[in-house]
Amino acid sequence: MKRAAALLEVLGVYLAAGALEDKIIELLSRWRVFSVANPFALLTNHTTNAELLLASRQLLLIWALQYGSYFLLIIPLNWWYRRRGPKAYGLTRAGRSWAWLCFAGFTAACFSECPALVHSLVDAVHPLGAMVPWRQAFFDMSWRRWQFWLFAGIFSYAVVPVLEELLFRGYYQRRLAEDWGDAPAILGTSCLFVFAHKQYLIANAYNITMVASLFCLALGLGTVFAYTRSLVPSMIAHAIINIPMSPRWQMATLIVFILGFLIAFRVGTRAIKQVFRHPSPGSCALLALVGSVYVIASEHFVFMTTIAIALLAVAVGLEWKERGSGASLNTLT
């Protein structure tokens, strides 16, 4: 019952937060507080500095509404489970020094980000296929201005690593790991993470290899979080791979990562063995399959949001029943 409650809670929050976000946006627009526009519609090969600043403001607002909606659900759930304070979300050093956590983040990057760098370098030499128009415009516009790097910081390397790690590792993975164990939680969360990046769900060589690279990245981020119990290393690794780089810098980074992989091989493999020490193949396959199918289905069927709200209600009901049974048992004993 506890396993079912954990899985249904995670699946419910994943989509129910979107419905909450839509309702908040509708109310704010009706009250004329502000209107939300799509910042990516402003991205073209010739986006001006003023348009980049406007896109930055709009994107920051969207992130605040989107992730704020998630945590409007997650924080009360955590409070109910008596998981309170920053530590409950992975915002802790877990008794380690900053130097150790930074080394763990760099090691995670060396072990998991090489496929993404190789993918980008191959695409630079021999284009693998089309990407969504706004993403192509992002890479094609001029990078020699601070307005670009401000937008990129909000879009990729500064804000997103913090928000995504808080949600995917700090909540989804931690919640699943409580009742399923680390290995199934890492695989299930990795599938949620990969398919949540909807811009890569296009059937061509570029996006297929990008999805595979993202999966390797997600496994590395999940493993380092499970090993350290701190989000600091996964945030560092996530930020590194999200920094926009020219092919020359990507090649230099790849060389550094390969050297780092060789140097930290024993430490990294020890961490992987510890996290995946006693994996349950059935549980790993189940969470990976359910996570993938659920996210893909949510892109094609409108009614999935209603199902998500129902799943969240069932999860709370199961946990309530479990708590009641535990209380009754304690009373009898």
Enumeration of residues in segment 230-265 that are among the hydroxyl-bearing types (Ser, Thr, Tyr) and closer than 20 Å to Trp100 by Cβ: Ser230, Ser234
Odd one out for Ser156, checked against (1) in contact (Cβ under 8 Å) with a residue 24 or more places away in the chain; (2) hydroxyl-bearing (Ser, Thr, Tyr); (3) not in a helix (DSSP H, G or I): (3)
Expected output for segment 251-274 (first residue of a type outside the set (A, V, I, L, M, F, W, C), partner loosely packed, with under 15 Cβ neighbours inside 10 Å and part of a helix (DSSP H, G or I), Cβ below 6 Å, 6+ apart or cross-chain) is none
Residues in segment 72-89: is at least one under 27 Å from Asn207 (Cβ atoms), assigned to a helix (DSSP H, G or I) and in contact with a Phe, Trp or Tyr (Cβ under 9 Å, 6 or more places away or on another chain)? no
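For (1) at pLDDT below 95; (2) hydrophobic (A, V, I, L, M, F, W, C); (3) at positive phi, each residue gets a yes or a no:
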{"residue": "Leu65", "(1), (2), (3)": "yes, yes, no"}
{"residue": "Leu77", "(1), (2), (3)": "yes, yes, no"}
{"residue": "Pro86", "(1), (2), (3)": "yes, no, no"}
{"residue": "Thr92", "(1), (2), (3)": "yes, no, no"}
{"residue": "Arg96", "(1), (2), (3)": "yes, no, no"}
{"residue": "Gly105", "(1), (2), (3)": "no, no, no"}
Report those helices (runs of 4 or more DSSP H) wholly inside segment 201-287 carrying at least 3 residues which are within 24 Å of Trp180 (Cβ to Cβ). 205-228, 232-242, 265-275
Restricting to segment 10-38, give me the number of residues that are more than 26 Å from Arg174 (Cα to Cα), assigned to a helix (DSSP H, G or I) and out of contact with any Ser or Thr (no Cβ under 7 Å at 6 or more places or on another chain). 7
From the options Lys273, Lys321, residue that is more than 22 Å from the chain's Cα centre (by Cα), surrounded by fewer than 12 Cβ atoms within 10 Å (Cβ to Cβ) and closer than 22 Å to Arg174 by Cα: Lys273
Just a yes or no: is a residue in segment 5-28 under 26 Å from Leu192 (Cβ atoms), of a type outside the set (Asp, Glu) and at pLDDT below 85? yes
Regarding Val302, is this residue of a type in the set (A, V, I, L, M, F, W, C) and surrounded by 16 or more Cβ atoms within 10 Å (Cβ to Cβ)? no
I'm told Trp180 meets every condition in (1) farther than 30 Å from Pro133 by Cα; (2) of a type in the set (Phe, Trp, Tyr); (3) without any contact (Cβ under 8 Å) to a residue 12 or more places away in the chain except one. Can you identify the failing condition by its number? (3)
Scan (1) outside any helix (DSSP H, G or I); (2) polar (S, T, N, Q); (3) surrounded by 18 or more Cβ atoms within 10 Å (Cβ to Cβ) for the single condition Ser142 breaks and write down its number. (3)
Considering every residue within segment 231-240, establish whether at least one is among the aliphatic types (A, V, I, L, M), touching an Asp or Glu at 6+ places or on another chain (Cβ under 6 Å) and under 25 Å from Leu150 (Cβ atoms). yes
Leading residue by the ranking (modelled with the lowest pLDDT) among those in segment 296-333 that are of a type in the set (S, T, N, Q) and closer than 21 Å to Ala5 by Cβ: Asn330
Of all residues in segment 218-260, which are within 11 Å of Leu117 (Cβ to Cβ) and either surrounded by 24 or more Cβ atoms within 10 Å (Cβ to Cβ) or in contact with a Leu (Cβ under 8 Å, 6 or more places away or on another chain) (or both)? Ile241, Pro247, Gln250, Met251, Thr253, Leu254, Phe257
Of the numbered conditions (1) at pLDDT 90 or above; (2) part of a helix (DSSP H, G or I); (3) within 15 Å of Gln250 (Cβ to Cβ); (4) more than 21 Å from the chain's Cα centre (by Cα), Phe148 fails exactly one; give the number of that condition. (3)
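The values are calculated or read from the model by the stated rules, or taken from the named source; none is laboratory data. It should be emphasised that the depicted structure is a prediction, and the values quoted were computed from it without experimental measurement. Here the Cβ is made from the backbone with ideal geometry for all residues, glycine too, and neighbour counts use every protein chain on show.
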